[in-house]
Every structure is written in structure tokens, then in C-alpha cells.
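Presented below is the structure to which this report refers.
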Amino acid sequence: MNDIVNHSVKKGPVRKRRQLSVDEYVDGVLAGDRTMLGRAISLVESTSARHRKMAQEMLLKLLPHSGNAHRVGITGVPGVGKSTTIEALGCNLCNAGHKVAVLAVDPTSSVSGGSILGDKTRMNHLAIQENAFIRPSPSSGTLGGVTKMTRETMIVCEAAGFDVVLVETVGVGQSETVVADMVDFFLVLMLPGAGDELQGIKKGVLEIADMIAVNKSDGNNEKKAKMAAREYRNALHIMRPQSPNWSPPVVCVSGLANMNLDEMWDKVVEHRTKLGETGELKEKRTEQQFRWMWAMVEDRLMDALKSHPDVVSQIDKIHSAITKDTLTATVGAQRILDAFGLTETL
């Protein structure tokens, strides 16, 4: 019996994949090689210090070949039909000659990497398109880590020739804001029936929306959808638009019926044209880069602070003192900074 068991689990030699050079990654991506594209993104996602160094060298070489794509963020409440709409829109764009990459931002799952993994299965028509690429962002438990990977994956995809990048927010809360800060155009999908839904809209989401699309507007929902669109337009009118050159439109669409998606995309193109002609698009992307730079600085500093041995040795004592009400949070923070070597008083 043991012989049978041992024989059944015996494995042959594991062939290690050859480590590529930075130039091999770059050449493969620029050639549009799908295998190399996947490996380059895996390099970006790696937490290895050596891989991170290689990834940054690769990104510097790919950067001049990026930046020409339509960067569109898409969000919406659960059940609004994001996956269906993205698939239909993506297929339309592929049929029109575009190359479409779909990325996801989801800080909520440290196991699955986000529900886009399920969406990839549901987007079976888009997944088999030769000019489409679907990639989840693995969650590292922090929103900053996920968005860093998504931003850098966007550069790799653009350098590989994808001229449309759709970034889906799967998580809730802060994810909408960070996605809006990495794209040119932010699309918010809504459901018909503006009553309760309108009350539930976070003001912050409306403030960052470049367009609202009322989804599932076909069939029996048509009348409700038009009423909802009117309510959303009224809500947008009382808010100050982000751009002096763009007033966010409200459109009625259906991802399932592929209704008005081409018209919706026309608005995205119109937005890019208007902001491009005025120079606002360039300014927006530059400002995004500056904010991203400082966000990365903050993340690195926080990581360094939390892992500093002198800080680590003080944490339990400080937590215990605060729990016992023998230390204020302000003094506790100062002791952590002192341990880290920052002696300025808070």
C-alpha cells in the first residue's frame, strides 16, 4: 500500500522558468507578446526587492511608449451590471479596431484578488477577443498597494499597444476616489428608479463623475430610467463641475441589450478631445503623477516606520499605556516618532 502511495505522489523534476533580463521584458511587451505581457505584469506585482528593482527599470523604458490610451474608470453599486456593460463595451471597441485592457481595483479581498476573477469568467465573450486583455489587481490588504500595481500595469498595457484601458472599481468607499485619480474619465453606472438610489448616492462620487450612465434602461425600465436620468441631471446641476471645459452628461444605456453604448463612448471621446485641446488633460495627468509620487513616499515612510526595530520595541508598551489611560494618543505618537528618530514635537 505504501509503495502505491509513494508511487502516486512521486513527481518529476520541476523545471525552473528562466529569469528574463529587463530588455527582454521590454522587447516582449513592445512586440505585443501576450506571454511576455503577463510576465511583465507579474514582475510589477512581485514583492521581491530584486523584482521591484527590475520592474522599475522596465517601467522607465516602457514609459515613453505609454500615455496614448483612453483611461476610463468605471464604478457602480453592486448589481448595477458593471461586468455586463464592460464586456459589451469592450467587444464593441474591439470590433471597431481598438485594443482593450480591463483592470480592476479591489482592496477588499486578500485571498481572491477581487471579484474581477469571477468577472473574467463571466466576460467570456470579451476574454476570447484577440484585442482584449483582462487582468485583476491582486490585493495586498492596502488600497495603496493595489493602486500602485494598477497604475504600473496600466503603463505596461499601454506600451503593449492597448489604446483603451478600463479600470473597474470592485471595492467600495475610498476605491472610487483613488481610481478617479488614475484615469482621464470616470464613469458612474446607476440603476433606474432615482428615488431611493438618489438618496443613497455619495456626494463624493457625484463630484468626481465625468458621466453618469443609467444602466438596464431597456424594456419595462425605459420610463423609470428616463425619470432617474432627469433626477441625476438635477443633482449634478447643483454641484460645481470639476472641469471648466466639461459638464458631466447623463445617458441611458443597457449593457445587456448593448443599447446606446456607442453613444456613451462618443461622450468619452468628446471629453478627451475637449480637455486635450485646452491642455487640461495634460495638466490633469501631471497632477495625478505628483499625487501618486507623494502617496508612494508616504507608503514607503510608513512601512519604514512600522518596521523600524526601535519603534517595534515600543509599540506594545505604548498600546498598553493608552489602553490603561496613562498615556494620550498625542504623546504616544510622539514617542513613536522619537523612536524613529524624528524629534520634532507634535
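A few comments on the model shown:
- Any hit, the range 257-265, residues being among the aliphatic types (A, V, I, L, M), part of a loop (DSSP other than H, G, I, E, B) and over 24 Å from Ser66 (Cβ atoms): yes
- Extreme residue, most open to solvent (accessible area, probe 1.4 Å), among residues of the range 84-95 that are of a type in the set (S, T, N, Q) and touching a Gly at 6+ places or on another chain (Cβ under 8 Å): Thr84
- Given (1) open to solvent by 30 Å² or more (accessible area, probe 1.4 Å); (2) at pLDDT 95 or above, number of the condition Val268 does not satisfy: (1)
- Of all residues in the range 26-47 being more than 19 Å from Lys99 (Cβ to Cβ) and not in a helix (DSSP H, G or I), the one that is most open to solvent (accessible area, probe 1.4 Å): Thr47
- Every residue from the range 48-67 that is in contact (Cβ under 8 Å) with a residue 60 or more places away in the chain and open to solvent by 40 Å² or more (accessible area, probe 1.4 Å): Leu63, His65
- Single residue of Asp181, Asp106 found to be under 12 Å from the mean Cα position of the chain (by Cα), of a type in the set (D, E, K, R) and modelled with pLDDT under 70: Asp106
- Arg71 within 21 Å of His271 (Cβ to Cβ) and of a type outside the set (Ser, Thr, Tyr): yes
- The residue list Lys284, Lys274 contains one member that is closer than 17 Å to Arg71 by Cα, of a type in the set (Lys, Arg), in contact with a strand residue (DSSP E or B) (Cβ under 8 Å, 6 or more places away or on another chain) and not in a loop (DSSP other than H, G, I, E, B), which is Lys274.
- Cβ-Cβ distances below 8 Å connect the following pairs, each with a first residue in the range 221-248 that is under 23 Å from Trp265 (Cβ atoms), a second residue that is loosely packed, with under 15 Cβ neighbours inside 10 Å and basic (Lys, Arg), and a separation of six or more residues or different chains: Asn245/Lys274; Trp246/Lys274.
- Test: Ile318 is more than 30 Å from Phe186 (Cα to Cα), β-branched (Val, Ile, Thr) and touching a Lys or Arg at 6+ places or on another chain (Cβ under 7 Å): yes
The values are calculated or read from the model by the stated rules, or taken from the named source; none is laboratory data. Everything numeric in this text was worked out from a predicted model, so none of it was measured. Counting neighbours? That spans all protein chains shown, and the Cβs are built from the backbone with ideal geometry, glycine included. With ligands, DNA and RNA removed, areas are computed over all heavy atoms of the protein, side chains included. Shrake-Rupley method; radii C 1.70, N 1.55, O 1.52, S 1.80 Å.
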